[in-house]
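Notes follow the structure.
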Amino acid sequence: MGDNEDLYMDMQEPNYWDWVERYNGKCDDDIESREEDLEFTRYFFVDYENVNRDGLNGITKLSEEDCVRIYYSESAETLTFGLHRRINASKAHFDYIKVQMPIKNAVDCQILFDIRDITKANRNAEYFIVSKDTDFDKAIEEFNAHNLKVKKVLEICKRDEPIKKEQPKKASAQSEKEKREAQVRSFFGQHFKKKEYKDHKEDIIQAVLKGETKQQINNKLMKFYPSETVSEIYKKLQPLIKDLPGKKS
């Protein structure tokens, strides 16, 4: 997945939730008939297709006040014997929801719909979406903005861990080198078309890439060309090396 922006925008359409309700045969008037949903203090909405059995780590530590809702589709509708034993050993209440809506990101939509539905009757409970999927992030922000305690976790056992916000990655030294090399090679192709330059293409490029001062670049070029030609090359290279320290002697 990964279409979180599209999913979030779809959710903002005025008739979006009504369509989901009609498809599932649910409506707001029916909330009172779902008394079992009102009994729990914590709800875990497991995107089983996304996290599989690892997402259910920790279920044996849950209590009767917890509800685990496992959402699955035809592509992920099997449980291992080990997981089945853990579910039987857990005190939590379990619901299994097979999602068959013919829309993109159907499981994600069903989870968000159910959270919206259940929170109308139980605003004080804690709600955990068990998934790695970033599709939920904007919706969670929206829930939180309305004072609903909704959080995404990778596994049930990590429910109490603080949310780690990913810091933007800084460009690595390696990527900066690659960017510089691409710049130099492109510059060479545009400005060094004579055969005498092309004969020493790599020598000129490496002189620019490895030279830490203007003098170093000049000295490297002197190994391959007479001083007159070096002066010509040096002038052409000015846009690339103007910020290097020193000057050619």
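The values are calculated or read from the model by the stated rules, or taken from the named source; none is laboratory data. Every value quoted in this text rests on a predicted model; they were computed, and no experiment measured them. Note: ideal-geometry Cβ built from the backbone for every residue, glycine included; neighbour counts use all protein chains shown. Keep in mind that these areas ignore ligands, DNA and RNA; they rest on the heavy atoms of the full protein, side chains included. Shrake-Rupley method; radii C 1.70, N 1.55, O 1.52, S 1.80 Å.
All conditions in (1) at pLDDT 90 or above; (2) part of a helix (DSSP H, G or I); (3) surrounded by 11 or more Cβ atoms within 10 Å (Cβ to Cβ) hold for SER186, with the sole exception of (3).
Just give me the residues in region 87-119 being within 23 Å of GLU64 (Cβ to Cβ) and of a type outside the set (Val, Ile, Thr), in sequence order. ASN88, ALA89, SER90, LYS91, ALA92, HIS93, PHE94, ASP95, TYR96, ASP114, ASP117 - these are the residues of region 87-119 that are within 23 Å of GLU64 (Cβ to Cβ) and of a type outside the set (Val, Ile, Thr).
Candidates are the residues of region 193-225 that are basic (Lys, Arg) and in a loop (DSSP other than H, G, I, E, B); the one that is farthest from the chain's Cα centre (by Cα) is LYS223.
Please specify each residue of region 106-141 satisfying the condition of being in a helix (DSSP H, G or I) and free of Cβ contacts under 8 Å to residues at least 60 places away in the same chain. Scanning region 106-141 gives ALA106, THR119, ILE140, GLU141. Just one of (1) more than 26 Å from the chain's Cα centre (by Cα); (2) modelled with pLDDT of 95 or more fails for TYR127. It is (1). Looking only at region 62-108, count how many residues are open to solvent by 90 Å² or more (accessible area, probe 1.4 Å), of a type in the set (D, E, K, R) and over 29 Å from the mean Cα position of the chain (by Cα). Count: 4. Only one entry in SER73, SER90 is among the polar types (S, T, N, Q), touching a strand residue (DSSP E or B) at 6+ places or on another chain (Cβ under 8 Å) and at pLDDT 90 or above, namely SER90. Scanning region 226-248 for residues that are open to solvent by 20 Å² or more (accessible area, probe 1.4 Å), under 20 Å from HIS200 (Cα atoms) and in a loop (DSSP other than H, G, I, E, B) yields one hit, PRO226.
Of the residues making up region 191-212, at least one is open to solvent by less than 70 Å² (accessible area, probe 1.4 Å), modelled with pLDDT under 90 and under 19 Å from GLY246 (Cβ atoms). Of all residues in region 127-146, those being closer than 25 Å to LEU79 by Cβ and open to solvent by 50 Å² or more (accessible area, probe 1.4 Å) number 1.
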